[in-house]
1. Any chance you could give the angle, 0 to 90 degrees and rounded to 10, that helix 151-170 forms with the longest Cα principal axis of the chain?
2. So how far, in whole Å, is the C-alpha centre of region 160-224 from the one of region 271-321?
3. Fully extended, how many nm does the chain gain between ASP223 and ARG282 (0.36 nm per residue separation, minus their Cα-Cα distance)?
4. What's the local net charge at VAL21, with K and R +1, D and E -1, over the other residues with C-beta under 11 Å away?
5. Scan region 73-138 for trypsin sites (Lys or Arg not before Pro) in coil per DSSP, keeping those whose Cβ has at most 14 other Cβ atoms within 10 Å, and list them by number.
6. When the dipole is taken about the Cα centre of region 20-238, and only Lys, Arg (+1) and Asp, Glu (-1) are charged at their Cβ, what size is it in debye, to the nearest 20?
7. Mind checking which of PRO219, PHE202, THR127 is farthest towards the positive end of region 20-238's charge dipole, using Cβ charges of +1 (Lys, Arg) and -1 (Asp, Glu) about the Cα centre?
8. Before anything else, pin down the relative contact order of the chain: Cα pairs under 8 Å, at least 6 apart, normalised by residue count, whole percent.
Amino acid sequence: MHTAPPPLPRSSTGQPSSRTVTPIAYVQAIVHAYEQRRISPEQVLQLAQITPQMLTDPKSRISAEQMECISGAAMQELDDEALGWFSRRLPWGSYGMLARASISANSLEVALKRWCRHHALIADDITLTLSINADNASLCISEQRDLGNLREFCLVSVLRNIHGLACWLIDSRIPLLGAEFPFSAPVHSDFYRVLFSGPTRFEHSMAAIHFDSRYLALPLRRDEQALQQMLQRALPLTVLQYRRDRLLMARVRQALVSHPAQSRSAEDLSALLHVSPRTLHRQLKEKGTSLQTMKNEVRQRQAQDLLLRSTRPIKQVAQAVGFQNEKSFIRAFRSWVGQSPAEFRQTARG
């Protein structure tokens, strides 16, 4: 899935231009892969502008561009897209082959199941599975052997890779509900907030990411031509944050219905959906709506349903749909349907 890295962008000081947030531990893992093959990593370290001092300082961080550069170069030099994770190499183009096998699927669910099944054919050290449980879907990794010093780098990379591919396939952000890993929190555990949206938990039984299962039904938006272009520079898939979420409106609507107490404000709702308030407002605006409009739509449907299907007094209906007093509810309801709640109930019941 990977090709040669591009030149690193430079700032006015001559240093790589992006923020340095990637832990040096991941570079050390790549160096370990070189040591396993008895090959010197000096050339790729120089290419990525990683000094010996940085490599020995556990607090060092590098930029995404540096990580992309050293990863891509190492994959080519070692001819191993798994960078030493597995008991056998994954020759150059292995992950591209998996992507081609998935691109013709009619839904994300089928594509991910193919990816998991085919991954087992090229690397039996781990087993990838997609499980679906009502509202949530999980991509899990079962370890079939001791991954040793490369365990964290392997599990993190595999999950980031498949999540990035899934987002690319449907051309949509897939916010994660959480991530889990079967090891203790590393010293750079703060970086996991960058890697995975939603809470990250450590010391679980296996590595996994969780997301809304409705994304699985979405059709793929990519074709063979798009795949060819993506394969020219696939590594950024693991860091790319898609702006657009094709299911955002459905997720907002469900949250407003199912968790009214946790979605009264944009901040509360954003926390529930694992997006920032700014992103929430921006994406709703791009879709031609607003949070207040969606709140009104949900309240209107709930109010109409209660008025038609129950004998609750108007005051109780108002409270049930989130209004603090009856007068404000009557005023809002009249603006929605052109009638008061009592008139609506009487007309509907004949």
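1. 50
2. Between the Cα centres of region 160-224 and region 271-321 lies a distance of 28 Å.
3. Values: separation 59, 0.36 × 59 = 21.24 nm, distance 2.85 nm.
Once the chain is fully extended between ASP223 and ARG282, it gains 18.4 nm.
4. On the way: positive: ARG19, ARG61, ARG193; negative: ASP190.
Its environment carries a net charge of +2.
5. Details: sites: ARG88, ARG89, ARG100, LYS113, ARG114, ARG117; in loops: ARG88, ARG89.
Listed in order of number, the matching sites are ARG88.
6. Values: 20 positive and 23 negative charges, 63 e Å.
That gives a dipole near 300 debye.
7. PRO219
8. On the way: 503 pairs, mean separation 48.2, N = 350.
Normalised by residue count, the contact order of the chain is 14 percent.
Readers should treat all values here as calculations from the given coordinates under stated rules, not as data from a laboratory. Fair warning: this is a prediction, and the values are worked out from it, not measured in the lab. Please note: Cβ atoms are built from the backbone with ideal geometry, for glycine as well, and neighbour counts cover all protein chains shown.
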